[in-house]
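The values are calculated or read from the model by the stated rules, or taken from the named source; none is laboratory data. No experiment lies behind these values; they were computed from the predicted model shown. Backbone-built Cβ (ideal geometry, glycine too); neighbour counts: all protein chains shown.
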Amino acid sequence: MRAFTDSIAILSFRSISALTWAAVSRAASSTQPYCSLGCRLAGSDRYWLRHFKQLSSSRCPPDTSSAYFPNRSLRKASTAEPSYIPHILLLLCIASAGIIAVAAERKVVEVKKSMRQLGRVTAVGASLSLVVAGAGLALVAPGANSAYGAEPQGAAPISVRGGSYAVTLITGDTVHVQSGRTGKPNIRFVPGKNRKRVSYATYETPQGLTVLPADAVRPLAAGTLDPRLFNVTLLHKWGYDDARTKTLPLMIIGSGATLKAPAALAGSTAVRSVPTLRLTSLRQRKADAGSFWASLTAPVKSAAAAAVAKVWAVGKLQPALDVSVPQIGAPTAWAAGYTGKGVTVGVVDTGVDGTHPDLKDVVVDAKDFTGTGLTDEVGHGTHVAGTIAGRGTASGGKYTGVAKQAHIKSAKVCEPGGCAEDAILAGMAWAAESGAKVINMSLGGPVGDTVDLMRDTVDTLTASKKVLFVIAAGNDGTPETIGSPGTADSAVTVGSIDKGTDNLSEFSSEGPRVNASRRLDYAIKPDITAPGGGITAPYPGGGYETMSGTSMATPHVAGSAAILAGQHPDWTPSELKRALMSTAKKLDGQTVYQQGAGRLDLGRASTQHITATGSLSLGYFPWPHEGTPSATQKIAYANAGSTPVTLALSMSVNQVNGTKAAAGMFSLGANSVTVPAGGTVEVPVTVKPAAGAIGLYTGYVAAKSLGGAAVLSTAIGAYKELASYNVSYTEFGRGTAAHDTFALLINKKTGAVNFDYVRGLATRRVPAGDYMFIGMVVEPDGTSSSYAIDAQPVTVKAPTDIRIDARAAKPVTLDFDAPADAEESDHALSATFGDVTLGAMSATGLYGMPRPPAAGLDWGYFATLVKRGSSTQKPTPYTFNLALRSKGMLPPTQRFATRRADLAKVQFKINHAGQGEARNLFHSAALPNATGYGGVSIPAGDLYSRIDYMSTVPGSTFQSQLESLAAADNSSVLTLTGLSTAYRKDTTSTVQLNEPVFGPSWKTGGIYTSASRQGDMLNVDLPLLSTSAQSGFASKFIVTPSWELSQGGKVIATSDDPWFYRPVPAGRATYTLRGSVKNDKPWTPLSPEVAATWTFTSEHQAEDKDVPLALQAVRFSPRVDRDNKAKAGPTTIPLVVQRSPDTGAPSVASITAQVSFDGGKTWSAAPLEGAGATRTMRVTNPAGGTVSLRVTVADAAGSTVEQTIKAAYTVR
């Protein structure tokens, strides 16, 4: 029998404390950043942030970390009022390409995105895995061939919920994903039409699960495809899964020099075009995805396909003055007559409420790029616009914006469901082309893998349209987290200080800059700071709201730029930028990588005529430093006044840990300079790396006129690398065929992991130290691949060569007393060191390099055996599921041995759902510290029972799943997931699957559930279709529920998400939440309609606490046969009341039950027996037909739940 899957390779970085805490402190629920939509942990943000910073420092050797990482103790504690303390934004941070997120936090309603999801974030943040299948995987990993000794910080993890979903890729292939409580996914890959045996690769990081078909590898490596097109976690989070949309939003960029948007390709429909950017937005029809992909990848392309330079995914994001305006000196500018009059500012955001009294007649033009109309449904854009140019009308002038006579052009690019990147790009171009002098973008995201479209577009539009972009830095609150497009050279990137205090906001992202491919270039970012904590500004409806985030800081700078643009209409964007930066107030205790040039001082910028270069990034100087030449850059002082100005110059430079730079390391070309009226004078600044110690340097050149009338400062920075060397990889395949190679280098002391794709020769720069090398050579073998894995310790104390030579590899096999009629369906080999696993799953050859034992190295072998000749039509009656270990080295004979007597026996009894469904029953295996082997989808056909045998190696676990498939198209309609289980040798157990009643459940197998309130965000997350109370298995997401929240008889919130997560009013109130699902899948006649209605009282909770809500559910276990049918006549149905997690034992003050035999048209009371949470319901089943159930439970606190399940079971 042929293997059920093609070859796969696996790379995994399992959970470590640093990674978990990093996940907690920067965590994720949607896209990431630039405003804190009020996200809190259980506990204190500051507590977790403090731990994260300590762990960040621990990534460097103790003797060098303080020289590299900024001293976190320099950040002062916030003194802003508690209600305004900014929260870390829980938005998705996708490292593989530039997702954007808007920044901000509402004080009461909008904010409070709950940190409750961190239970899953830490599970997801716990592993980074790469799986490679088939030939020719040309992945360039993050940081590949990095030239730097220190690695950039990772992006914030994506929150992954337990459950199932399916995503059709751009290729037409469909990926089915099942996630359990641990967050580890099981994947089923279904090739598209006419794409039968497709090899594929998959890798999982905290930023999501990527599944890459073999024929997408080369276009991806060539840079013509956006990697996010294959991040199924991200596509699901954006709402692009198959349950929610029949199309895939795409952007295509045209080739050639002409400004012309390309035409739509076969299988797609054009939505909009932006000729300025050579961009066309498309909606690819999933049903026709194959024709689209064939057109795009054909050897001889159509004219339309030939015109496409790159295909991008359309990313989505969640959009993130009375004291702050005087704080930046705006009244001084107003007194001088500078108010921004005659200047238009573009606001690329959620739209602007032009009817607000503060913004009436201020918005002179607006355009919607979302298709939802011009209304600001989020409030973020109105808040931003009001900070820029609000007139203060509704507050009697109290909340007047910075540029109080400027005007706004609003580009609405965000809606409540998120912000699409194609809309953002189109909005940027429209604002730039429509006459805006300044464009505010309070949004951002991680830098791109190789090309950063957002960043590059900022630089392109700045140069071509002469417009200044002012962009939020981000809300990650840690070093190396400046987001794109704020990384653009031409942009003014804005960090945040607290309102009224000048303390650096705890959430404000810091530099140095991480550029494209996530490589540090040590450039200074942010450029400037402004008040962003606790900012009150206009909000839709005529009132005001208080928000926090770098989103709120950014419009202070944009408004200031508008005032300068009105004052100096001939100034270029670069002149505006230098004026803002060089006149900023340098704040003590903050490095240039935290505050840039300093806190915005509009009063100074608008009243003094002399300006200077805002910052000098003097360079990165690699080890060794002997003979390293000096580097010089120049500060340009420009005088726009009518009289000469003499400036006294001084310079102060320290390492970021506070150590003063050695004498002679940094020098100024002059101690004073006279700048003529209308002229410019340049002064060189020189750094001599050999004269100083290793470290990251921060400093300023100050310039003061006689009498102090003019004050300027220029931020300077440089990095002298710690002892580091180049590691060169040379690889050889087993034969002459083309091959691909992966290389992992793990620092034994710090745990830092370097991943490279190698073809022939590659170079990686790393700090000196002891490492474990794990490499893998992948060689095509028809439609599959063979894999050779090597692992060896390496000491780096000089330039080092590592040979990856598959010619020395020997086959790795299994020694097992299998039945004579059994064969291996698939097998996998992995090498694990610490928290890192590299492995391969293949139907063909697995090879290993014989090496001496190495401390800390673990080898694993996984295999699934089935009866020979099994198939979908003839399912195997048994499986052997093996997970074996060898410590330190491969077994001497390279044969992993086990015996049937070592295994556990499990009988899986599978009830039939009733409509001729097919089933797959499979088991995911895991070994300690290693990523789990996903197993293969073994068809169970119409079997009622199967015997499966499991390994009992200490530490091994198996998670079982039963997948039901629709008979019509073989699509997945239900996946039941159980708990991870460790089995004992020579034991026998039975597991019952697929039995009714399918209904709501709080206690499930591998599915996450929760009910809580954090601040004013309400969360209810449970499966509405789960199997009976007996099996411990549960399902989710196959059929999307509908949610409706009411208060006082009025609906206040709805949702079609798999879970309910919405803001509610702050006061104490009684709510009614109804969750319902229509199970119209053809796989079963059972539970076609399920509804649960909870009534409960809730009130505002602390923003840093996720407080559980006590909600209940009722589970039924009728006596049915293997076809899920009950006998006619009197019967009893056991039921049990469950309570939501962390709320104690169920409470039953009263309970009633009803039954219906006509599909829910009429109901009659059903007697109950028993007490407490366990009862028995008496029913007389009619011959034939179905039985519907309804139950109502009230607890001692007065909360209730009513559950109605139509056709809960059938009767013979």
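On the stretch given as region 921-944, residues that are in a strand (DSSP E or B) and modelled with pLDDT of 70 or more total 7.
Residues checked against (1) outside any strand (DSSP E or B); (2) surrounded by 21 or more Cβ atoms within 10 Å (Cβ to Cβ); (3) modelled with pLDDT of 90 or more; (4) not assigned by TED's automatic domain parsing to the domain that holds D1106:
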{"position": "R1062", "(1), (2), (3), (4)": "no, no, no, no"}
{"position": "A1066", "(1), (2), (3), (4)": "yes, no, no, no"}
{"position": "T1072", "(1), (2), (3), (4)": "no, no, yes, no"}
{"position": "K1081", "(1), (2), (3), (4)": "yes, no, no, no"}
{"position": "A1092", "(1), (2), (3), (4)": "no, yes, yes, no"}
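For region 1167-1175, check the following and say yes or no: at least one residue is in the same structural domain as Q1112 (by TED's automatic domain parsing), touching a Phe, Trp or Tyr at 6+ places or on another chain (Cβ under 9 Å) and either farther than 19 Å from K1003 by Cα or surrounded by fewer than 16 Cβ atoms within 10 Å (Cβ to Cβ) (or both). The answer is no, given that none of the residues of region 1167-1175 is in the same structural domain as Q1112 (by TED's automatic domain parsing), touching a Phe, Trp or Tyr at 6+ places or on another chain (Cβ under 9 Å) and either farther than 19 Å from K1003 by Cα or surrounded by fewer than 16 Cβ atoms within 10 Å (Cβ to Cβ) (or both).
Considering only residues that are among the hydroxyl-bearing types (S, T, Y) and farther than 24 Å from S574 by Cβ, look in region 509-547 and name the one that is surrounded by the fewest Cβ atoms within 10 Å (Cβ to Cβ). Looking at residues that are among the hydroxyl-bearing types (S, T, Y) and farther than 24 Å from S574 by Cβ, I get S517. Residues being aliphatic (A, V, I, L, M) and at pLDDT 95 or above are entirely absent from region 539-550.
Looking only at region 848-862, how many residues end up being within 32 Å of the chain's Cα centre (by Cα) and aliphatic (A, V, I, L, M)?
We begin by selecting, within region 848-862, every residue within 32 Å of the chain's Cα centre (by Cα); these are 856-862.
Next, only the ones that are aliphatic (A, V, I, L, M) stay: 857.
Here the count works out to 1.
Residues that are surrounded by 14 or more Cβ atoms within 10 Å (Cβ to Cβ) and under 28 Å from Q567 (Cβ atoms): does region 616-631 have at least one? Yes, there is a match, as at least one residue in region 616-631 is surrounded by 14 or more Cβ atoms within 10 Å (Cβ to Cβ) and under 28 Å from Q567 (Cβ atoms).
Candidates are the residues of region 945-980 that are in a loop (DSSP other than H, G, I, E, B) and modelled with pLDDT of 85 or more; the one that is surrounded by the fewest Cβ atoms within 10 Å (Cβ to Cβ) is P954. Considering region 302-407, the qualifying helices (runs of 4 or more DSSP H), each wholly inside and each with 1 or more residues that are among the aromatic types (F, W, Y) and more than 37 Å from the chain's Cα centre (by Cα), run over 330-335.
Here T462 clears all of (1) β-branched (V, I, T); (2) closer than 26 Å to H568 by Cα; (3) buried (at least 24 other Cβ atoms within 10 Å of the Cβ) except the condition numbered (3). For region 898-905, check the following and say yes or no: at least one residue is over 30 Å from S830 (Cα atoms), part of a strand (DSSP E or B) and at pLDDT 80 or above. No, region 898-905 contains no residue that is over 30 Å from S830 (Cα atoms), part of a strand (DSSP E or B) and at pLDDT 80 or above.
Going by the structure shown, is A854 in a strand (DSSP E or B) and either in the same structural domain as L927 (by TED's automatic domain parsing) or out of contact with any Asp or Glu (no Cβ under 6 Å at 6 or more places or on another chain) (or both)? It is false that A854 is in a strand (DSSP E or B) and either in the same structural domain as L927 (by TED's automatic domain parsing) or out of contact with any Asp or Glu (no Cβ under 6 Å at 6 or more places or on another chain) (or both).
Considering only region 486-527, state which residues are polar (S, T, N, Q) and under 18 Å from L443 (Cβ atoms). Show your work before the answer.
At the first step, the residues of region 486-527 found to be polar (S, T, N, Q) are 487, 490, 493, 496, 501, 503, 505, 508-509, 515, 517.
Hits for region 486-527 are T487, S490, T493, S496, S505, S508, S509.
At least 1 residues that are closer than 30 Å to A661 by Cα, at pLDDT below 80 and under 32 Å from the mean Cα position of the chain (by Cα) in each: list the strands (runs of 3 or more DSSP E) lying fully within region 703-792 that qualify. Full working, then the answer.
On the way: elements: 711-720, 724-732, 740-747, 753-758, 761-767, 769-781.
Correct list: empty, since no element meets the threshold.
With the condition kept exactly as written, say whether any residue in region 379-395 is in the same structural domain as I563 (by TED's automatic domain parsing) and more than 27 Å from G329 (Cβ to Cβ). Within region 379-395, one or more residues are in the same structural domain as I563 (by TED's automatic domain parsing) and more than 27 Å from G329 (Cβ to Cβ).
Using the structure shown, decide if D1106 is in contact with a helix residue (DSSP H, G or I) (Cβ under 8 Å, 6 or more places away or on another chain), within 25 Å of P1041 (Cβ to Cβ) and surrounded by 14 or more Cβ atoms within 10 Å (Cβ to Cβ).
Yes; evaluated as a whole, the condition is true for this residue.
Annotation: K1127 fulfils all but one of (1) more than 21 Å from F998 (Cβ to Cβ); (2) out of contact with any His (no Cβ under 9 Å at 6 or more places or on another chain); the unmet one is (1). Any idea which residue in region 793-843 is surrounded by the most Cβ atoms within 10 Å (Cβ to Cβ), counting only those that are of a type outside the set (G, A, S), closer than 30 Å to S870 by Cα and at pLDDT below 85? Only one residue tops the list, namely M841.
Remark: pairs (first residue in region 700-716, at negative phi; second residue in a helix (DSSP H, G or I) and of a type in the set (D, E, K, R); Cβ separation under 7 Å; 6+ apart in sequence or on different chains) = V711/R604.
Highlighted here are the strands (runs of 3 or more DSSP E) found entirely within region 464-544 that include at least 3 residues which are within 17 Å of V323 (Cβ to Cβ): 492-498, 528-533, 535-539. Is it the case that region 221-233 has a residue that's modelled with pLDDT under 80, buried (at least 24 other Cβ atoms within 10 Å of the Cβ) and assigned to a strand (DSSP E or B)? Looking through region 221-233, none of the residues is modelled with pLDDT under 80, buried (at least 24 other Cβ atoms within 10 Å of the Cβ) and assigned to a strand (DSSP E or B).
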